[in-house]
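Here's the structure, in structure tokens; my notes come after.
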Amino acid sequence: MPPPAEVALHFFLQVAVILGAYRLLTPLFVRLGQSQVVAMMFAGFALGPSLLGAVAPDVQHWIFPTKVVVEGVKVVHPSHMTLYVVGQLGLVLYMFLVGTAFNTRIFVSHARTAGLTSLAGIAAPMVLGGLVGWLMVDQGGYFAEKVSAWEAALFIAAAIAVTAFPMLAWIIHDSGLQETRLGTMALACAAVDDVVSWILLAAVVASIKGSAALAITALVGGVAYTVLMLTVGRAGLRRVGDWAQRRMDAGEAFPVGPFVVTMIGLALAAWFTDKTGIYAVFGAFVMGVSMPRGAFVEALRDRLEPLVGYVLVPAFFIYSGLNTKLSTVFETDTLLMAGLVLLVASVGKGLAVMVAGRMQGLGTHESRSLGALMNARGLMELILLNIGLEAGMFGVELYTVLAVMTIITTFAATPLHRLFAARARREGVDIEAAVPLAETDAEKDLVPAGR
């Protein structure tokens, strides 16, 4: 086992390689109409066994070792665990920042529409995904023997129903959709979809471990945490915000005390939701939503966003890329299954969201754009896959099949949105227009919905 000093030394090299790789890929992906976060995702797969490992396996294993032999037994390399922890820290901080930028007033104005649309975006993929999961068990080779048909069906249902909330937030930010009905509805729908997917995943893991209490804990704990944070927690955070404001009014550029208290609260929120089975990123987002808006939050974002978005989060993509071997997809049966999963994921979710959006009064182009954005699975899908892999539910083959689906659906989201937005503009409608913050349900018709 390498000593801690050697692990730390190696980690610095890994960070340099990670940052250099995604920065080199970023101009290419920007030209393709993609967000920088998509370049990070592709860099993760490029530095893993799928590309670098295929071209220069010795170099890839040296830079990103995953296993080490200790007394004749292979165990997880400490360097691999370090990447995991740093990636998780990045995700938690990033989701907290996303929550602080979430416009709750626009969401409340369209809560009914967002709720019904998100349910459609969950129901259809769950049914279709469940059938695909059952088929995988019937064919064999995808899930471990201990996984039953219904457990496999629930897992695939969750994998297809999920939307990459963090990645979608990044795409919406890069596309300038933060203050739009489309952007806020997409985030709201994604939040609901992800919570349902986490509960499904918790139920599957609980069943495999033989403990129904895990699923119940996930559901009850998640609801209780959300209610508590949006009431008592919000009041407490308002006090922290007032404290910070007084310090800033007194001339302190950045109030360290309130910042540390906020980070303690964030760590506890991540710990609690992870412990209950809803997972840390959900707790971080809800705490971010509960933060009082003002100068303190703006200062937090100014200081944290560059480090979190461009240094910490990429570590998660690399960790996920190390678990993916694209060569396994090129076997005929696996390739056919990957095609089926991609078809079900794209049509099942995108079409269901689009139809539900139209039924709720959204215009044609806005509904299509919403369906395209909701198909971005990136981060959350990879988190879900990593949990399933660590639980021993499946091996590299299924991981890779679902990772390929994740890459393609996420890659297609932004170009499709821009296509629908351009078509709407040609018809004289701007689906990317900002929504007035004072808008209510009664005033909703004053804002063009798009066509």
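None of the figures in this text is laboratory data; all of them are computed from the coordinates on show. Note that the structure is predicted; figures quoted are calculated from it, not measured. Every residue, glycine among them, receives a Cβ derived from its backbone with ideal geometry; neighbour counts consider all protein chains shown.
Do you know the relative contact order of region 315-392, to the nearest whole percent, from alpha carbon pairs under 8 angstrom that are 6+ apart?
Values: 35 pairs, mean separation 20.7, N = 78.
In percent, rounded to a whole number, it is 26.
Using the per-residue mean of other Cβ atoms lying within 10 Å as a proxy for protection, in what order, highest first, do the peptides 345-357, 139-151, 363-375 fall?
Numbers: 345-357: 23.0, 139-151: 15.2, 363-375: 26.4.
So the peptides 345-357, 139-151, 363-375, ranked by packing, come out 363-375, 345-357, 139-151.
Sequence gap at least 6, Cα distance under 8 Å: using those rules, report the relative contact order of the chain to the nearest whole percent.
Taking the mean separation of contacting Cα pairs over the length of the chain, I get 25 percent.
Output needed for region 231-339: three equivalent-ellipsoid semi-axes, defined as square roots of 5 times the C-alpha gyration tensor eigenvalues, in descending order, whole Å.
On the way: eigenvalues 317, 57, 22 Å².
Working through the eigenvalues yields semi-axes of 40, 17, 10 Å.
Could you line up His77, His417, His61 from fewest to most neighbouring Cβ atoms inside 10 Å?
Details: His77 21, His417 27, His61 15.
Arranged by neighbour count, lowest to highest, His77, His417, His61 become His61, His77, His417.
Sorted by mean Cβ packing within 10 Å, highest first, what order do the peptides 172-181, 233-242, 250-259 take? Don't skip to the end; give the middle numbers.
Values: 172-181: 19.7, 233-242: 16.1, 250-259: 13.6.
Descending mean neighbour count gives 172-181, 233-242, 250-259.
List the DSSP H helices in the chain whose Cα atoms stretch 24 Å or more along the helix axis and whose mean Kyte-Doolittle hydropathy is at least -1.0.
Values: long enough: 4-31 (41 Å, 1.25); 78-100 (33 Å, 1.22); 111-139 (41 Å, 1.06); 181-208 (40 Å, 1.68); 256-276 (30 Å, 1.18); 332-359 (40 Å, 1.46); 396-426 (45 Å, 0.77).
Length and hydropathy pass: 4-31, 78-100, 111-139, 181-208, 256-276, 332-359, 396-426.
With the cut-off at 18 Å, report for region 328-393 the share of all Cα pairs above it, as a whole percent. Intermediate results must be reported in sequence, preceding the final value.
Working: 1173 of 2145 pairs.
The calculated P(r) of region 328-393 puts 55 percent of pairs beyond 18 Å.
Compute the Rg to Rh ratio over region 283-374 from the alpha carbon atoms, using the Kirkwood formula for Rh, and round to two decimal places. Working shown, then result.
Working: Rg = 19.8 Å, Rh = 17.5 Å.
Over the Cα atoms of region 283-374, Rg/Rh equals 1.14.
Where does each of 81-91, 66-76 land if you order them by average Cβ count within 10 Å, highest first? Intermediate values should be presented prior to the final figure.
Values: 81-91: 19.8, 66-76: 10.7.
Going by the mean number of other Cβ atoms within 10 Å, highest first, we get 81-91, 66-76.
With the contact rule set at Cα under 8 Å and sequence spacing of 6 or more, what percent relative contact order holds for region 290-442?
Details: 121 pairs, mean separation 39.0, N = 153.
After rounding, I find 26 percent.
Give the aspartates and glutamates whose C-alpha is closer than 20 Å to that of Lys146, dropping any in the same chain fewer than 8 places away, or say none.
In chain and number order, the partners are Asp138, Glu390, Glu397.
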